[in-house]
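Q: The structure that follows is given in the form of C-alpha cells.
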Amino acid sequence: MGTLDAVDQIVIVMMENRSFDSMLGYLSLDEWKAKSPRKDPVNGLLTSKLTTGYVNPAAEGDPRSPFAVESDDLFAADLPHGRWPIMAQLNWDTSQHQYAMNGFVKAQYPSGGTPKKPTCMGYFTPKHIPITDFLAREYRVCDRWFCSIPADTHPNRLMSISGYTNIDTTGSLTRQNSTVLSYVEHLGRRNAASVYAKRASFYSMLYDFAVEALVGSDRFHRYEAFETDWMAPPTTDPHIWIVEPAYADSPAFPWMTQGPPDDGHPPAQVAFAERFLHGVYTTLIKNPARWARTIMVVTYDEHGGFFDHEKPLNITTPPPQAGVYRDFPSTGPRVPALIVSPYASRGSTCALPMDHTSILRMIAGKFAPTVQPPFSDVVGRRPVRSALEALDLTSARGDVPVPPDPPEMPTVMPPGNSDSPVAQAFAAAVHYAELATGRVLR
C-alpha cells in the first residue's frame, strides 16, 4: 500500500456522462482479455451474459442487449438522466428488495418504437477510446466507483467538492450551505489548490466562485497555464490540480481556449474527450520529478443515462437542510474511474466501494494532519473508501508508459445547446459576474 508521504500532487479530472459498462465494460469480454491480458479481472461485461444477464426489456416487451458501438456518431442525443428517470432506470424490485438495473431502455423509449440497438445499451471498445484503454491497461481501474447520488451533473459535482448538495437537479446559480466549503475554497486560501479550465469552470456556477472563476485569480487559471505551472520545479508541499475540459454547454469566451467541447458529454464524439485526456497525461509525464509523486483520478460526474449492471451502494444521502428535497436512497449508477500514478500497478483493479466523496477522503487524508477540512463530518459518515487506497505499491514504478496517438480530430463539431440547464446556469453566472465587476465578459 502506498504511503501518504509518497504522493503530494493530486490531479483531479472529472469528465461527463458515461457509465462504467459503456466505457470500460469491454475489459471483461473474452476477445479483449485475450488481446490485452490484465493483472486483475474487471467487473464488466461477460460474453455469456450479454443476451441474458444484462438485457433490458423494451416497452414493447421484447429484450434489448448490450452491443459494441460501431460508429462514434451513434450517440446522437442526450439521454434522460435526471433524478426520476434514473430511478426508473435502476428499477426497484419490490419482491427482491433491490434494484433490478433493467429500466434503461424503457426510460429512453417509454412509449415504444424502440430500435434494436437503443443508444443506452451501446458500449465502446478500444478502437474508439484508445487513450482510456491505454490508461486502463497501464494503470488501475476502480470497478466499484459510483456517482454519489442518483441525480445529474450539478448535484453530483457538488457532492464531489464538498460532500453536500443543496439541490437535487441541475439548475441555475447555486449557493452551498455557508458552513460547508468546497476543498478549493478551503485549500485555495492556502495556495494548495488550483483550477485549470478550458472554458468556463464548473465553479463559476456557484455564487461564491462565479466572479473569480470567470475573471481569473491565483487559484483559477486558463487551461494553457497548466503545462507551464506543472513544469515548474516541484516542491514537497501538497497540491491539488483540478483540470477541467471544455464543457459542451459552457460559454467560450474570446480569451479562453478555443476548440470543441471535449468533456465526453453526448452527443459529442468521444474522440474529443480522448484527445483531452491524452493532453493531460502527456503534460504530467513531462515533469518526471513531479510525476513521481503524483496521483491522477479520472472519473465521470454521472452515468448520463447509459446502462450499467452493477447495483448502487446502499448509502442514504439527506439534504443539508431538512425539506429541501427527499433523501436519496442510494448512490447513483457506477461510473468509469481510473487511478493513474507511478504507485498504481499495471493492469490492476481496485474493487473497494468508492464514490465521488472518495476524493474528499483522499484530500482529508493528505491535508487533515495540518489543515482540518470542513468536510470531515462528511468523510466520517459515508461508508466509502479513500481514493488513496487504490495505490498499491511501496515504491514508484520505474517505467513511464507512453500513450498511443489520440484519435484524429473529428470533422463534425457537436452542436451547443443554449437551452440546457447547464447552459442556463452558466449564462446566469456570466450575468452575475458582469453585474458584480462592471465588465462585459462575452
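The values are calculated or read from the model by the stated rules, or taken from the named source; none is laboratory data. Model, not experiment: these values are computed from the prediction. Methodologically, a virtual Cβ is constructed for each residue, glycine included, from the backbone with ideal geometry; neighbour enumeration extends over all protein chains shown.
Q: Residue by residue through the range 24-68, note down the ones that are part of a loop (DSSP other than H, G, I, E, B), on the phi < 0 side of the Ramachandran plot and of a type in the set (Gly, Ala, Ser). Can you show your working first?
A: Taking the range 24-68 as the starting set, the residues that turn out to be part of a loop (DSSP other than H, G, I, E, B) are 29, 36-46, 50-55, 58-62, 65-66.
Add one more test, that the residue is on the phi < 0 side of the Ramachandran plot, and what stays is 29, 36-46, 50-55, 58-60, 62, 65-66.
Within the range 24-68, Ser36, Gly44, Gly53, Ala58, Ala59, Ser65 meet the criteria.
Q: Assuming Pro118 fulfils every condition listed in (1) closer than 25 Å to Pro329 by Cα; (2) surrounded by 19 or more Cβ atoms within 10 Å (Cβ to Cβ) apart from one, which condition is it?
A: Every condition holds for Pro118 apart from (1).
Q: Then there is this: If you check Pro126 against the conditions, is it assigned to a loop (DSSP other than H, G, I, E, B), out of contact with any strand residue (DSSP E or B) (no Cβ under 6 Å at 6 or more places or on another chain) and touching a residue at least 24 places away in the same chain (Cβ under 8 Å)?
A: It is true that Pro126 is assigned to a loop (DSSP other than H, G, I, E, B), out of contact with any strand residue (DSSP E or B) (no Cβ under 6 Å at 6 or more places or on another chain) and touching a residue at least 24 places away in the same chain (Cβ under 8 Å).
Q: Assuming Met14 fulfils every condition listed in (1) farther than 14 Å from Pro333 by Cα; (2) surrounded by fewer than 23 Cβ atoms within 10 Å (Cβ to Cβ) apart from one, which condition is it?
A: All conditions pass for Met14, except number (2).
Q: Six or more apart or on different chains, Cβ under 8 Å: which pairs go from a residue in the range 344-362 that's modelled with pLDDT of 95 or more to one that's among the hydroxyl-bearing types (Ser, Thr, Tyr) and assigned to a helix (DSSP H, G or I)? Could you list them?
A: So the pair list comes out as His356/Ser160.
Q: Taking only the range 260-302 into account, find how many residues are polar (S, T, N, Q), under 18 Å from Ile242 (Cβ atoms) and in contact with a helix residue (DSSP H, G or I) (Cβ under 7 Å, 6 or more places away or on another chain).
A: Adding up the residues that qualify gives 3.
Q: Quick check on my filter: what residues within the range 182-231 are modelled with pLDDT of 90 or more and small (Gly, Ala, Ser)?
A: Within the range 182-231, Ser194, Ala197, Ser201, Ala225 qualify.
Q: A further question follows. Pick from Ser148, Ser160: which is at pLDDT 95 or above and under 17 Å from the mean Cα position of the chain (by Cα)?
A: On the way: Ser160 fails: at pLDDT 95 or above.
That would be Ser148, the only listed residue that is at pLDDT 95 or above and under 17 Å from the mean Cα position of the chain (by Cα).
Q: May I pose another question? Quick check on my filter: what residues within the range 83-139 are in contact with a Cys (Cβ under 6 Å, 6 or more places away or on another chain) and closer than 21 Å to Leu313 by Cα?
A: Phe104
Q: Looking for something more than 16 Å from the chain's Cα centre (by Cα), surrounded by 24 or more Cβ atoms within 10 Å (Cβ to Cβ) and part of a loop (DSSP other than H, G, I, E, B) - is there at least one such residue anywhere in the range 324-341?
A: yes
Q: Among the residues of the range 88-123 satisfying the criterion of being in contact (Cβ under 8 Å) with a residue 24 or more places away in the chain and in a strand (DSSP E or B), which is farthest from the chain's Cα centre (by Cα)?
A: Per the criteria, the residue is Gln98.
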